[in-house]
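Asks: Quick one: this structure, given as structure tokens, is what I'll be asking you about.
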């Protein structure tokens, strides 16, 4: 257990970090000047946790500032509390909190290490101007403001999955053009994190121009217009979120399908015949990612699509092989 001499400086340092974090997050999330500030920015995701580390070390006692363990892990306290607070007040959903934590914790440590080394170099905190601290504290907001002056970068990506099924082609085709109500347990990672589970998919009529209605939990509905129809070979469709079908309580706004940052555009099923009783079913999707950090968000978006697609393929496989 920590002694009182070590415990209270740690609590105080973390408290300052939490206080700054809550205020900074609130300021950045304000929809001022037509949405000038926002959470999906480089400043919010990468710079803000760095400043958490700076604040935590700045207000720590001199002895703690010399400790490498303190520099690395103390910022995790304020960072974790701020993330949980964001979840509890509804600023973030579970999916976004996990995505953020993977970035926040190491960057908070970097901020702590840099600050600890800098303060040790100057040998005393009072030799470092408080103006420097204020400037660092303003960095996230300045970054977010600067980023808002430029349009969001847009990237189009593709996710491809496949599964081998022991069933004739006709049976597989029957199960992909329409999907009867799903009662099977779905074990995908994102479903466990709260992403709506698929319910069923209907088809207005067979052939090009047919409209699939793919419904998910909590009112999420995709309208899928068929533009490729090769019986027992392939089906492709454009995907649009049905207007008004995504209530705010369904998805975190940062991962909302059809939203500003993420959208699913196309889906394709292709049946590869292996022999008379075996096929390989391919499912691919095209999606859009529009954030200030597509290099990171794109990884999660692809992970999401692969997870959803693989779950759907497993349901189809199970039904075809019964």
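No lab work stands behind these numbers, since they all come straight from the coordinates. Quick caveat: nothing in here was measured; it's all calculated off a predicted structure. Because the Cβ atoms are built from the backbone with ideal geometry, glycine has one as well, and the counts that use them run over all protein chains shown.
Asks: How large is the helix-only mean residue ellipticity at 222 nm for the chain, computed as the sum of -39500 (n - 2.57) over DSSP H runs with n ≥ 4, divided by its residue count, in deg cm²/dmol to the nearest 500?
Replies: Values: 9 runs with 151 residues, N = 322.
Here the helix-only value at 222 nm equals -15500 deg cm²/dmol.
Asks: With a Förster radius of 45 Å, plug the Cβ-Cβ distance of residue 277 and residue 121 into 1/(1 + (r/R0)^6) and report the FRET value to the nearest 0.05. Show your work: numbers first, answer last.
Replies: On the way: r = 72 Å, r/R0 = 1.60.
With a Förster radius of 45 Å, E is 0.05.
Asks: Follow-up question, since we're still on this one. Among 106, 168, 49, which one shows the biggest mean-square fluctuation in a GNM of the chain, springs joining Cα atoms closer than 10 Å?
Replies: Sorting by GNM fluctuation, first place goes to 168.
Asks: Moving to a separate point now. Can you work out the FRET efficiency for the pair residue 15 and residue 87, with r the C-beta to C-beta distance and R0 = 22 Å, to the nearest 0.05? The partial results should precede the final answer.
Replies: Details: r = 19 Å, r/R0 = 0.88.
The pair residue 15/residue 87 has a calculated efficiency of 0.70.
Asks: Let me ask something else about it. Find the Cα radius of gyration of segment 155-321, compare it with 2.2 N^0.38 Å by division, and give the number to two decimals. Present the calculation step by step, with values, prior to reporting the outcome.
Replies: On the way: Rg = 15.5 Å, N = 167, 2.2 N^0.38 = 15.4 Å.
Here the Cα radius of gyration is 1.01 times the empirical estimate.
Asks: Given 0.36 nm per residue, what is the gain on full extension from residue 303 to residue 225 after removing their alpha carbon distance, in nm? Write out the running numbers ahead of the final one.
Replies: On the way: separation 78, 0.36 × 78 = 28.08 nm, distance 2.46 nm.
Full-extension gain reported as 25.6 nm.
Asks: On a full-extension model of 0.36 nm per residue, what is the gain between residue 265 and residue 155, subtracting their alpha-carbon distance, rounded to one decimal in nm? Before the final figure, lay out each step's value.
Replies: Details: separation 110, 0.36 × 110 = 39.60 nm, distance 1.21 nm.
Answer, rounded to one decimal: 38.4 nm.
Asks: Now for a different question. Which FRET efficiency, nearest 0.05, do residue 146 and residue 322 yield, Cβ-Cβ r, R0 41 Å?
Replies: Numbers: r = 57 Å, r/R0 = 1.40.
E between residue 146 and residue 322, to the nearest 0.05, is 0.10.
Asks: Tell me whether segment 36-106 comes out rounded, prolate or oblate; compute the Cα gyration tensor, take square roots of the eigenvalues as a ≥ b ≥ c, and use a/c under 1.5 as the rounded threshold.
Replies: Values: a/c = 2.41, a/b = 1.95, b/c = 1.23.
Judged from the Cα gyration tensor, segment 36-106 comes out prolate (a/c at least 1.5, a/b above b/c).
Asks: Using 0.36 nm times the number of residues separating residue 27 and residue 101, minus their current alpha carbon distance, what extension gain do you get? The partial results should precede the final answer.
Replies: Working: separation 74, 0.36 × 74 = 26.64 nm, distance 1.99 nm.
Stretched out fully, the residue 27 to residue 101 stretch lengthens by 24.6 nm.
Asks: While we're here: For log10 I(q)/I(0) by the Debye sum over Cα atoms at q = 0.07, 0.08, 0.12, 0.13 Å⁻¹, which listed value, (1) -0.30, -0.39, -0.88, -1.03; (2) -0.39, -0.49, -0.85, -0.93; (3) -0.27, -0.35, -0.82, -0.97, comes from the coordinates shown?
Replies: Among (1) -0.30, -0.39, -0.88, -1.03; (2) -0.39, -0.49, -0.85, -0.93; (3) -0.27, -0.35, -0.82, -0.97, the one derived from this structure is (2).
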